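Student: Submitted below is the structure of interest, expressed as structure tokens.
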């Protein structure tokens, strides 16, 4: 029977939730990296025992962790699992080193972006928000970082190099941080075209490369952000998350700061699909594993009040690719619930009956084994959840 | 022999106990002690000093014989009490309260 493994990053460590295909009895391991913020944990689709984790701390900076046994043991890449390297050993902490390329394609230094007050500000590495393992090579993994840039490792996360064409394509000085920092939080690899990658940045917008990261272009036409001096500007939109179904790689679904959006031409043009949502503010968005027109969001009241409307935690599902949404409430708290669901904290498994999972800032991870019809908490009392990913295992 | 006391999270990261001992050749300074620490425990690179600039991370401080050495030049020689191992070199994280 198939199994699932839910990888949870929290404010105080990582947790791994495991179950068989029925998904009714769960075992919990963790906290891994106790006390550290774990922004993201994600497994390789090539080798599911290979898992990458972003471990970070305001005190001690960025650590990249890797497991080669499905999360049982972890090591900084280059260090044998569970062992400290011998004195004089290789400099394993290169895996923690993210150094911006300061020379763009035109030879000019890429040194500034827009600060909150509109002045220019130097790029400063803060943390890794998102790790995206390659679809074809377990040793290749991408990292989305704050301040926003895209890095890649081709040696199992031992060494990282910036794909600097993203910052270098010309709009970098107009990027600005959102309230959570200027983070590159979404990386989508096109399964039909190994040279095409989508990324999204708060608050710059969405971007696409069609040549493996050498050059990039903004893909924000159709986005409308009232907080911008020009609401239809090419750059400056606060994209919260983007999702794609692997069978339709040109169709993208976006949860923007406000507005749920859709593109059917690889991001070249977007149209709003918020429809009958009670509020179209939110962070997460995801697509059913087998139904490319079935989309999930968790509406949040507003940018000033990051909790569900009326204290009711409701996932909304559209089975028509947007506009028509139904609330999914069975098993979710329908009173006095004031948690948030952060942008990387929803995932779907690929079992026949698609499982949907999300984590809250209140420390609950909810799961549904029937595509959202019914929900149950897998765990109640974890630290605040930053990210949720799921692996479907044979 | 120089004794270095690490914050809890760095002990976990380096797989060590409350303190580590280091041999530092020549005149021991703030910089040479940190170099020796990172050579012996490479997983700590970037956690105490920035990878590139080698500047102390803002939420960490260095204490020597009950004095704050966080802002002294990196080439300041360490006192005999520390180089002899009688007193530890302390790396301390800022306290996070509720």
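Bear in mind that the values in this text are calculations on the coordinates, not laboratory data. Not measured: the values here are computed from a predicted model. In this analysis, Cβ positions are derived from the backbone assuming ideal geometry, glycine residues included, and neighbour counts consider all displayed protein chains.
Student: Could you give the spread of the C-alpha atoms of region B:2-93 along their three principal axes, from largest to smallest, in whole angstroms?
Tutor: On the principal axes, region B:2-93 reaches 29, 27, 24 Å in Cα extent.
Student: Turning to a different aspect of this structure: Per-residue mean of other chain beta-carbon atoms within 10 angstrom of the beta-carbon, peptide B:5-17?
Tutor: For peptide B:5-17, the averaged partner shielding equals 3.
Student: Using the Kirkwood radius over C-alpha pairs as Rh, can you work out the diffusion coefficient of region A:188-320 via Stokes-Einstein at 20 °C, viscosity 1.002 mPa s, in µm² per second?
Tutor: It comes out at roughly 142 µm²/s.
Student: Under 17 Å from a point 7 Å along the Cα-to-Cβ line of residue B:52: which residues of region A:108-127 have their amide N that close?
Tutor: Taking a point 7 Å out along Cα→Cβ of residue B:52, the residues of region A:108-127 whose backbone N falls under 17 Å are A:108-114, A:121-127.
Student: Run the simple label-point estimate for residue B:66 and residue A:221 please: 7 Å along Cα→C-beta, distance reported in nm.
Tutor: Output for this residue pair reads 7.1 nm.
Student: Could I ask something else about it? Once you keep just the Cα pairs under 8 angstrom separated by 6 or more residues, what percentage relative contact order results for chain B?
Tutor: 36 percent
Student: Now a separate question. Can you give me the relative contact order of chain A as a percent, contacts being Cα pairs under 8 Å and 6 or more apart?
Tutor: Result for chain A is 12 percent.
Student: For residue B:86 and residue B:23, compute 0.36 nm times the residue count separating them, minus their Cα-Cα distance, and round to one decimal in nm. Spell out each step's value before the answer.
Tutor: Values: separation 63, 0.36 × 63 = 22.68 nm, distance 1.41 nm.
So the extension gain works out to 21.3 nm.
Student: Can you tell me the Rg and the Dmax, both Å, for the Cα atoms in chain A?
Tutor: Every Cα atom of chain A included, Rg and Dmax give 19.8, 62 Å.
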